[in-house]
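The values are calculated or read from the model by the stated rules, or taken from the named source; none is laboratory data. The structure displayed is predicted, hence computed values, not measured ones. Every residue, glycine among them, receives a Cβ derived from its backbone with ideal geometry; neighbour counts consider all protein chains shown. Accessible surface is based on the protein model in full, side chains and every heavy atom, while ligands, DNA and RNA are left aside. Shrake-Rupley method; radii C 1.70, N 1.55, O 1.52, S 1.80 Å.
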Amino acid sequence: MTESPDRIYANPQAQVADFAFNEDVVRVFPDMIKRSVPGYPTIVENIGVLAAQFAQAGTPLYDLGSSLGAVTQALRRHVKTDGCRVIAVDNSNAMVERCREYLHAQDAMFQELLPVEVIEADILALDFQPCSLVAMNFTLQFVPREHRTGLLSRIRQALLPGGALILSEKLRFEDAEEHQLLTDLHIAFKRANGYSELEIAQKRSALENVMQPDSLEEHRERLLAAGYSKVVPWFQCLNFASLIALP
């Protein structure tokens, strides 16, 4: 499927609306995420590689905040464990509909992929089945802070022994100079990928009330408080990181 270039914030907007995963974003999302998140393709592909180490026979694997299904596709490429299936969940109707199209296209290209169910739902209201893997790829940062520990705790309770949560997030930093340096370098990354100063500024305004990043220390403390036994960072590129949390 052809992807459209991200030009959502290319023209001046009198009032920049809060960011939403609507039809406009869905249409340009592959281009947007690739040009905005350093290391994104590496994270996605390796979530599939990591998942293959934790997947247990006959269990579901969750992709929470699945958007267009990039992580789900990686899980289906790499996990060969008998009886596994993917449950992909997103609360955006536009994302869910397009995700189903992408997965249908993947089915036409590959044989013997894991079955997948795509659900339109709020992950905060989800009843989790006992599972061996949960992936949250840049999803928790959009969950209100007061609900994050409860959600992670419910995921922990659903994870089987030997399973794992893979959590990718944008980070903020406690040290002001470190935070500013990595923020500036992230802006340079977006500039190098063709975004104008106007696009960068308007996108920042759109996200500031919607996306609330935490520090690595806050993630670690919250995960331990939610009952995980160990938190292991496995990837970081600038101010974006991914962690493995073990039950």
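What is the sum of charges around Arg27, taking Lys and Arg as +1, Asp and Glu as -1, for the other residues whose C-beta is under 11 Å from the C-beta of Arg27?
Computed value for this residue: -3.
Can you find, among Thr72, Ser92, Gln111, the residue farthest towards the positive end of the dipole of the chain? Put +1 on the C-beta of Lys and Arg, -1 on that of Asp and Glu.
Value: Gln111.
Taking the Cβ of Ala226 as the center, what net charge do the other residues with Cβ under 9 Å away carry, scoring Lys and Arg +1 and Asp and Glu -1?
Values: positive: Arg148, Arg154, Arg156, Arg222; negative: none.
Residues close to Ala226 contribute a combined charge of +4.
Short version: ³J(HN,Hα) in whole Hz for each residue of segment 43-58, in order, from phi by Karplus 6.51 cos²θ - 1.76 cosθ + 1.60 (θ = phi - 60°), x for Gly and Pro, what are they?
4, 4, 5, 7, 4, x, 5, 5, 4, 4, 7, 10, 4, 10, 3, x
Heavy-atom accessible area of Lys34 with all protein chains present, probe 1.4 Å, nearest 10 Å²?
Estimated to the nearest 10 Å², Lys34 gives 100 Å².
So how tilted is helix 216-225 from the main axis of the chain? Cα-based, degrees 0 to 90, rounded to 10.
Between the helix axis and the principal axis of the chain, the angle is about 30 degrees.
With every protein chain left in place and a probe of 1.4 Å, what is the accessible surface of Asp18, to the nearest 10 Å²?
Here the accessible area works out near 90 Å².
Just how large is the dipole of the chain about the Cα centre, in debye to the nearest 20, putting +1 at every Lys and Arg Cβ and -1 at every Asp and Glu Cβ?
Here the chain has a charge dipole of around 420 debye.
Restricted to Cα positions, what overall size does segment 1-79 have along the principal axes? Three whole-Å values, descending.
Largest first, segment 1-79 extends 53, 22, 19 Å along its Cα principal axes.
For the residue pair Ser215 and Arg154, what label-to-label distance in nm results when each label sits 7 Å from Cα along the Cα-to-beta-carbon direction?
Reported label-point gap for Ser215 and Arg154 is 2.9 nm.
Label-point separation (nm) for Glu3 and Lys230, each offset 7 Å from Cα along Cα-to-Cβ?
3.4
Rounded if a/c is under 1.5, else prolate if a/b beats b/c, else oblate: with a ≥ b ≥ c from the C-alpha gyration tensor eigenvalues square-rooted, which is the chain? Each step should come with its number before you reach the end.
Details: a/c = 1.77, a/b = 1.26, b/c = 1.41.
Oblate is the answer for the chain, as a/c is 1.5 or above yet b/c matches or exceeds a/b.
Taking H placed 1.01 Å from N in the peptide plane, check which residues at least 5 places from Ser168 or on another chain put their amide H under 5 Å from its amide H.
Here the answer is Met136, Asn137, Phe138, Thr139, Leu243, since their amide H atoms fall under 5 Å of that of Ser168.
If Lys and Arg each add +1 and Asp and Glu each add -1, what is the summed charge of the other residues whose beta carbon sits under 13 Å from the beta carbon of Ser36?
+4
In whole percent, and with a 1.4 Å probe on the protein chains, what portion of the accessible area of the chain is carbon and sulfur?
Percent of accessible area from carbon and sulfur atoms in the chain: 51.
In percent, how large is the relative contact order of the chain, given Cα pairs closer than 8 Å and 6 or more residues apart?
It comes to 22 percent, rounded to a whole number.
Using a 1.4 Å probe, what is the accessible area per residue for the chain, in Å²? Provide the component values of the computation, followed by the final result.
Numbers: 11510 Å² over 247 residues.
The answer is 47 Å² per residue.
Distances longer than 27 Å among the Cα atoms of segment 106-247: what percent of all pairs is that?
33
Spin-label point model (7 Å from Cα, Cβ direction): what's the Asp175 to Glu146 distance in nm?
Placing both labels 7 Å beyond Cα along the Cβ direction yields 3.4 nm.
Could you give me D for segment 65-189, from Stokes-Einstein at 37 °C and 0.692 mPa s, where the hydrodynamic radius is the Kirkwood radius over C-alpha pairs? Units µm² s⁻¹, please.
Reported coefficient: 201 µm²/s.
Rounded to the nearest Å, what's the spacing between the alpha carbon centres of segment 53-123 and segment 150-207? Just the number, please.
Here the two parts' Cα centres lie 23 Å apart.
Using amide H atoms built 1.01 Å from N in the peptide plane, name the residues 5+ places from Asp6, or on other chains, whose amide H lies under 5 Å from its own.
Amide H neighbours of Asp6, under 5 Å, 5+ apart: Met32.
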